[in-house]
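Structure, as structure tokens:
Each value in this text was obtained by applying a stated rule to the coordinates, not by laboratory testing. Every value quoted in this text rests on a predicted model; they were computed, and no experiment measured them. When we count neighbours, we look across all protein chains shown, and the Cβ atoms used for this are built from the backbone with ideal geometry, even at glycine.
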Amino acid sequence: MSTNTNNLRIDRVLKRDGSIATFDATHITDAIYKAMQSTSEGTLTDAKLISDKVVAELTAIRKRHKTFIPTVEGIQDAAEKELILNQYVKTAKAYILYRERHAEERRRKIPIPEHVKQLAAASKKYFRNTLSEFVYLRTYARWIEAEQRRETWIETVDRYIDFMREHLGNKLTEKEYTEIREAILNQEIMPSMR
């Protein structure tokens with residue numbers, strides 16, 4: 001039985017405001033090329049090759065998770081990663097700095113609630129490096145529509161523990177739930193969390 005490849009194509013993207021837009025790979029190519037021009041490192045052809053690798057990565061995720069819709073941040077993270085892997089070091093740095101400047105502008109526009117700042121800071125300590133945090137955010141952190149943000153690691157783990165409680169009830173003691181929660185938080189054990 002053949003798989004319909006149209007169903008595996010990336011055709012939508014989740015924007016920062018939670019809305020869905022049509023996916024257009026030329027936006028990725030254009031952003032990468034602008035960064036390459038700013039560093040005199042790479043051509044439009046190089047930018048297209050990097051963009052194609054980003055799309056291939058997103059498509060591979062889509063093959064495993066049929067309902068996957070990439071986020072703007074996830075696409076930009078993948079572009080950063082591909083720039084680094086393909087040794088466009090100056091361009092990757094320019095791209096990262098550009099993203100950070102725009103992120104700072106967005107932060108100035110939208111006040112972050114104190115409880116979110118505290119959760120983010122507390123969650124960050126559980127990751128060994130930024131790559132592991134990136135993989136978590138890209139793959140497992142759910143979008144919280146009411147707050148227009150992704151959940152933090154602590155919230156993801158607590159969501160999973162709530163799921164366990166709902167299905168197991170009192171088959172586990174409070175001490176066991178606490179031990180499991182701590183082991184997941186510290187990434188000593190990992191449930192599927194999908």
For a label point 7 Å along the Cα-to-beta-carbon line of ARG181, residues of the stretch 130-163 with backbone N under 13 Å: 154-163
Within the set ASN170, ASN129, ASN86, GNM on the chain using Cα springs under 10 Å gives the largest fluctuation to ASN170
Low-density loop trypsin sites (Lys or Arg not before Pro), the stretch 20-100, at most 16 other Cβ within 10 Å, DSSP non-H/G/I/E/B, are LYS66
Placing each pseudo-label 7 Å from Cα in the direction of the beta carbon, LYS34 and HIS102 end up separated by a distance in nanometres of 0.6 nm
Provide the gained length on full extension for the span ARG9 to MET190, in nm with one decimal, where the gain is 0.36 nm per separating residue minus the Cα-Cα distance. 62.2 nm
Loop-only trypsin sites (Lys or Arg not before Pro) in the stretch 111-144, please: DSSP not H, G, I, E or B, and at most 14 other Cβ atoms within 10 Å. LYS125, ARG128, ARG142
Suppose R0 equals 25 Å; then what is the FRET efficiency for HIS115 and THR59 from their Cβ-Cβ distance, rounded to the nearest 0.05? 0.10
Stokes-Einstein diffusion coefficient of the chain, Kirkwood radius over Cα pairs, 10 °C, 1.306 mPa s, in µm²/s: 84 µm²/s
What length, rounded to one decimal in nm, is gained on full extension from GLU133 through to LEU44, with 0.36 nm per residue of separation minus their alpha-carbon distance? 29.0 nm
